[in-house]
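Here, each number is a calculation from the coordinates, and none is a lab measurement. Bear in mind that the values here come from a model prediction, so they are computed numbers and not experimental data. Reconstructed Cβ throughout: ideal geometry from the backbone, glycine too, with neighbour counts over all protein chains shown.
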Amino acid sequence: MKKKIKNILNKKRKSRIVSLTAYSKNIAEILDKYCDIVLVGDSMANVLYGHKDTHKITLQNIIQHTLSVKKGIKKSLLVVDMPKGSYSNKRLALKNARKIMNLTRCDAVKIESNNKNFSIIYELVKAKIPVMGHIGYTPQFQKKFKIQGDSINAINKLLKEALTIEKAGAFSIVLECLTPKASKLITNNLKIPTIGIGSSSNCDGQILVTDDMLGMSGFYPKFVKKYALLNRIIEKAVKKYTREVKLKKFPATKNFLNGRKY
Ligand code: KIV
């Protein structure tokens, strides 16, 4: 097993796992200093491309953005989302996961569970491709955003799904929008770490979409804490630039290029 994956597994019940999403080098470079896991998420569909769901993101989109992110990563575990439709059967999943791993040199792929595709995880792991699972609200398979695990029945179903994913060989699992009760039971019963998003502090680690926590995406459900209001900072800078260009205050003499100096 690769050292980076081992390090993530070793954190279970010892220290919290810090994860965020990245779609380009500049952000990845900052995240890499602090995060254990950086995810190139298919949330880029909403955040970057303005789609209403994640379904239109292609393998090519994911590979292109991962190539950029990879340039900013030195130490974090780089996980890449497999887009909808790219792992719908074993042969396709293997072909596409290999393509992502070989072209980007990332560390692992993530696939969303539809409570049926466990053998896909098994197949990839058998081929030495580390896999992160994803249960609860899974945007590739569920249309409506809904809290998951709000009855005993639903919690037991989620636990069974998580245990099957673990048995198939996944090294960790994202729990999206689970009730605190569900995430606690699953985290306590799994040997692999759980990474929560909107699933309380009962998980072994947390992940957020970086653009959401920076206040840039316009999508702020209750589970998102805005750690900055970057949209306001950017707007202020653009406004100042606009004013200075119009007033001919920019470029000032010090911004002129003299001779061959760059
Ligand atoms: O696509 C994504 O960013 C994700 C996270 C929300 C876990 O899957």
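A compact table of results
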read-out	value
Sparsely packed chymotrypsin sites (Phe, Trp or Tyr not before Pro) within segment 62-171, loop by DSSP, other Cβ within 10 Å at most 16	F141, F145
3J(HN,Hα) from dihedral phi, segment 211-226, Karplus parametrisation 6.51/-1.76/1.60, rounded to Hz, x for glycine, proline	4, 5, 6, 8, x, 10, 9, x, 10, 10, x, 4, 6, 8, 9, 8
Antiparallel %, DSSP beta bridges [both residues in the chain], to 5	0 percent
Between helix 180-189 and the chain: long-axis angle, C-alpha atoms, 0 to 90°, nearest 10	60 degrees
Dipole of the chain [Lys/Arg +1, Asp/Glu -1 at C-beta], most positive-end residue of T242, H55, I121	T242
GNM top mover of G72, G218, G196 - the chain, alpha-carbon springs below 10 Å	G218
Extent along principal axes [Cα atoms of segment 3-230; Å; largest to smallest]	43, 42, 36
Segment 80-175 - percent relative contact order, Cα under 8 Å, separation 6 or more	28 percent
In order through segment 6-11: 3J(HN,Hα) via Karplus (6.51 cos²θ - 1.76 cosθ + 1.60), integer Hz, x for Gly, Pro	4, 4, 5, 4, 5, 6
Euclidean distance between Cα centres, segment 180-201 to segment 225-250, Å	41 Å
Net dipole in debye of the chain [+1 Lys, Arg Cβ; -1 Asp, Glu Cβ; about Cα centre; nearest 20]	860 debye
Loop-resident sites, segment 56-103, for trypsin sites (Lys or Arg not before Pro), counting at most 14 other Cβ within 10 Å (DSSP)	K56, K71, K74, K75
